[in-house]
1. Tell me, what are the semi-axes, in whole angstrom and largest first, of the equivalent ellipsoid of the stretch 164-229 as set by the roots of 5 times the Cα gyration tensor eigenvalues?
2. For residue 125, tell me the accessible area in Å² from a 1.4 Å probe, rounded to the nearest 10.
3. In terms of modelled amide H atoms, which long-range or inter-chain residues lie less than 5 Å from the amide H of residue 222?
4. Pick from 108, 74, 259 the residue whose mean-square fluctuation is largest in a GNM of the chain, springs joining Cα atoms under 10 Å.
5. Going through the DSSP H helices of the chain, which span 15 Å or more along their own axis at the Cα atoms while scoring at least 1.0 as a mean Kyte-Doolittle hydropathy?
6. Between residue 97 and residue 301, what is the FRET efficiency for a Förster distance of 25 Å, r being their Cβ-Cβ separation, to the nearest 0.05?
7. So for the chain, taking the charge dipole from beta-carbon charges (+1 Lys/Arg, -1 Asp/Glu), which of 99, 285, 161 sits furthest toward the positive end?
8. Any chance you could count the Lys pairs in the chain whose alpha carbons are under 22 Å apart, treating pairs 8 or more apart or on different chains as valid?
Amino acid sequence: MASQQAFKATGVRKYDGLQVLRITAALMVVVTHSTLYASERLDRHFGVWEKGAAGVDIFFVLSGFVMIYSSQRLFGDSNGWKIFAERRIVRIVPIYWIATTIKLIAMLATAGYVLHSQFRVGSTIASYLFLPAYNSQHGLSPVLNVGWTLNYEMFFYFLFTLALFFRFNVYKFVGIVLVLLALGSFFSRPDWGPVSFYFDLRVLQFFYGMLVAKICLSGRHIPKYPAILILALGFLVLMAPWPQLIQLHGIQYGIAAALIVYSMASLEDSLPRIPRFVLYGADASYVIYLFHPMIAPAVPSILMKFHLQYPWLSVICSVLLALTGGCLVHQFIEIPISKWFRDHLLVRGKKVIHAV
C-alpha cells in the first residue's frame with residue numbers, strides 16, 4: 001500500500017496505469033470490509049464479499065515493482081541502503097504510528113465501537129515495531145488489524161536494504177530468501193510462534209513484482225490486445241470461486257496479481273488520460289487503507305441507532321466515508337508530515353532526499 005507513491009524524482013517514466021491499480025486495490029479491500037461491518041453491525045444475514053481481499057495481492061506485487069523501479073539509482077551506491085531505508089521510514093512509519101495510536105485510544109475508550117480488539121502490552125509494542133506477535137484473540141494481527149500487511153512490507157524493505165548494504169544482487173538475495181520462506185510455509189507449524197507469520201506463500205508476490213519491473217525496464221511489454229486479455233484474465237482468476245480441491249494454497253492469486261500488474265504496465269501508452277481525482281485517490285490509497293477500519297464502521301452503527309437496516313446503503317456510505325476521510329487525512333496530515341521529514345532528513349551532507 002505504502003510503497004506505490006508515484007515514482008517521483010527517479011528519472012524514469014511514470015506508470016499512471018499502476019496508479020489506477022493502487023486505488024482499485026484499495027477500493028476492493030474497503031468494499032470487502034464495508035460488507036463485513038454491515039453484516040456484523042446491521043444485518044447478520046447480509047453476505048460478506050470476501051473476494052475484495054485480493055486487493056492485498058495486487059498491493060504486494062505493486063510493492064515489489066515499485067521498489068525495483070524507483071531504486072535504480074541506488075544500486076551500486078555506497079549510501080544507497082541508507083537512502084532507501086530513510087525513504088521507506090518516512091513513507092511508512094509516521095502515518096502508521098498515528099493510525100495505530102488512534103486505534104489504541106479507541107480500543108481503550110470505546111470498547112463497543114471497536115470490535116475484535118483488546119489491549120495487550122506485548123502485542124502493542126510489537127505493532128509499533130512492525131513485528132508479528134500474538135494478540136488477545138491468539139492471532140498475529142497487530143493493533144491496527146490491516147497492519148499485518150505492513151509487517152510483510154517492512155520485512156521486504158528490510159531484505160531490500162540488506163541487499164543494498166552488502167552490495168548483493170538484489171534479485172538473487174531477496175528472491176532466494178522469499179522463495180525459501182514460501183517453501184517453508186508447507187512445513188511451518190503453529191508451535192513455531194510468531195516467526196511462522198513469515199512462512200507464507202504471499203511473500204512471493206513481492207518477488208513477482210520485482211521480476212515484472214525487471215522485464216519492464218528491459219523494454220519488453222505485452223502487445224496491446226493480448227495485454228487487455230491477460231488483464232481481464234488476471235482479475236477473473238482473483239474473483240473466481242475456486243473449488244477447495246484446486247485452491248493451490250492461494251499461489252494462483254499472486255500469479256494473477258503479477259499478470260495484472262504486467263499487463264497494465266504494458267498498456268500504459270494505450271491508456272486514455274487518467275483523471276486527476278483518480279491519481280489523487282491513488283496517492284491517498286495508503287491512508288485510505290490504514291484509516292478505513294476506523295471510519296467505515298461508523299455508518300452501520302449510526303444506521304442501526306435509527307433502525308435503518310439497509311445493508312447496501314451501509315456499504316455504499318461506508319465506502320464513500322472511508323474515501324473522503326482517507327483523502328482528508330492524506331491532505332492535511334500525511335502530506336505535511338512527509339514534507340517535514342523530507343525537509344529535515346539529510347543524506348550526503350546537505351542533500352535532501354525525496355521519499356518515493
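1. Working: eigenvalues 182, 62, 10 Å².
Each semi-axis is √(5λ); the values are 30, 18, 7 Å.
2. 100 Å²
3. Those qualifying (amide H under 5 Å, at least 5 residues apart or on another chain) are 266.
4. Of the options given, 108 has the highest mean-square fluctuation.
5. Correct list, ordered by number: 55-69, 148-165, 170-184, 204-217, 224-239, 251-266, 311-329.
6. 0.45
7. 161
8. Final tally of qualifying lysine pairs is 16.
The values are calculated or read from the model by the stated rules, or taken from the named source; none is laboratory data. What you see is a predicted model, and the numbers here were worked out from it, not measured in a lab. So basically every Cβ, Gly included, is an ideal-geometry build from the backbone, and we count neighbours across all protein chains shown. What goes into the accessible areas is simple: the full protein's heavy atoms, side chains included, and nothing from ligands, DNA or RNA. Shrake-Rupley method; radii C 1.70, N 1.55, O 1.52, S 1.80 Å.
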